[in-house]
Amino acid sequence: MPTPVPPLPCPPPAAVEDAPSEETTSGPGHRLRITLLMAGSCLPILGAVLIAPVLPQMQDHFADVPGAAALVPMALTVPALSLALLAPFAGVIVDRIGRKRLLVIATVLYAVLGTAPLWLDSLGAIVVSRALVGVAEAAIMTCCTTLIGDYYSGRQRDRYLGMQTMCASISATAFFALGGAAGSAGWRTPFWAYAVSLLLAPAMAALLPKPRPAAHTNESLPTAAELVSRPFPWRPLAGTCALTVFGAVLFYAVQVEMSFLLDDMGVTDPGMIGLVLAASSVATVTGAGVFTKLGRSPAARMPAVFAVCALGFAVIWLAPNPVVLTIGAVISCFGGGVMLPSLLTLAMSKLQYADRGRGTGLWTGSFFIGQFICPLVVLGLTSTVGSMAGAMGALAVAGAAGAAGLSLFSRRRQSVTVPEPIEQLAR
């Protein structure tokens with residue numbers, strides 16, 4: 001079972017009451033800008049899900065390679081390790097040299113490195129190339145999320161952070177279907193999709209404006225000396241980042257292992273596997289859409305969100321056929337669609353302009369640490385309980401325990417903080 005993490009700290013009243021007021025940005029430039037940022041945010045998702053439908057084919061192709069049972073799933077998720085380890089450093093670079101410049105460079109490298117498996121014959125070399133893709137993804141994801149925080153504020157920023165998850169999930173739906181269809185022509189074919197980033201890089205270079213601190217926040221552009229000397233808000237981010245690791249394990253367990261679960265039930269066609277994965281990812285889009293309609297208290301909804309994820313894993317665990325298995329994936333992915341932007345919004349609310357790159361990098365790194373260790377956690381649970389379905393049951397128990405812990409923490413915090421104003425009024 002994943003290591004227990006500290007519960008998500010409820011944001012102090014100031015985090016909500018002092019949030020920037022609604023200042024809507026609009027116009028053709030805004031629409032083009034947000035389109036480019038959303039497209040850039042989809043690139044790391046492409047890397048995470050595109051080859052999922054062809055993993056069984058890759059497993060068969062490299063069946064004689066020692067350790068293939070672990071290396072093939074890692075070909076899908078090893079970019080997350082690079083992203084997890086390097087995103088915090090990318091955040092430092094973002095704050096030092098600028099968001100836009102790093103974004104353009106990383107987008108070009110993404111295409112070069114992402115298509116490398118088309119010509120590589122060694123499974124080890126493919127895994128290395130995938131790790132290098134994660135380097136580019138670390139910069140892309142950190143820059144895009146940071147720029148959303150730079151360009152927008154208040155509820156509009158929250159909506160676009162939710163939209164970022166929606167767009168990523170919609171793209172995941174398309175990429176699952178694309179990966180399954182392309183996989184019918186061979187397991188290498190889906191890697192051609194990485195070349196699409198060559199279309200985005202010139203547009204980003206020409207059309208994204210240089211960000212500045214928002215005028216209404218009374219922030220000034222920090223100097224290099226101030227970036228080094230000013231304190232960074234480590235403690236407010238610690239609980240959120242720790243819970244994000246756990247949440248990412250739950251979220252990606254469905255993405256990474258669903259094809260193997262279907263294969264165990266006799267569903268072996270890559271196109272069908274891709275359609276099933278695409279159908280389940282629609283639920284993530286729905287969950288992210290629900291997030292954009294909710295209030296500004298992400299911590300308060302965390303217990304319910306983790307409970308929904310746990311319910312989905314329980315259905316997967318007990319599923320007697322592929323239809324029920326898909327229903328369980330839909331339930332779990334819906335919870336993940338609400339969970340991810342909630343955690344990101346809470347993290348962003350704690351960051352000023354000067355800290356935003358580093359803070360976003362830490363949150364992104366935490367998320368992708370969870371993605372990387374996900375298959376290792378499932379592999380360990382499978383060895384312990386004897387089956388992959390049983391491993392899903394263990395994750396259901398872990399999610400339920402997380403939901404109960406968060407609920408208990410929230411109640412205790414309310415019992416401590418709520419009576420205080422009443423006593424003050426009585427005086």
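Observations on the structure shown:
- The stretch 45-100 shape via C-alpha gyration tensor axes, a/c threshold 1.5: prolate
- The string of couplings for the stretch 381-393 from the Karplus curve (6.51, -1.76, 1.60, θ = phi - 60°) is 5, 4, 5, 6, 9, x, 7, 5, 4, x, 4, 5, x Hz, one whole number per residue in order, with x for Gly and Pro.
- In terms of the mean number of neighbouring beta-carbon atoms within 10 Å, the peptides 266-274, 102-110, 335-343 order highest first as 335-343, 102-110, 266-274.
Rule-based calculations on the coordinates, nothing more; no lab input. Values in this document were obtained by computation on a predicted structure and should not be read as measured data. Here Cβ is always computed from backbone atoms with ideal geometry, including for glycine, and neighbour counts include all displayed protein chains.
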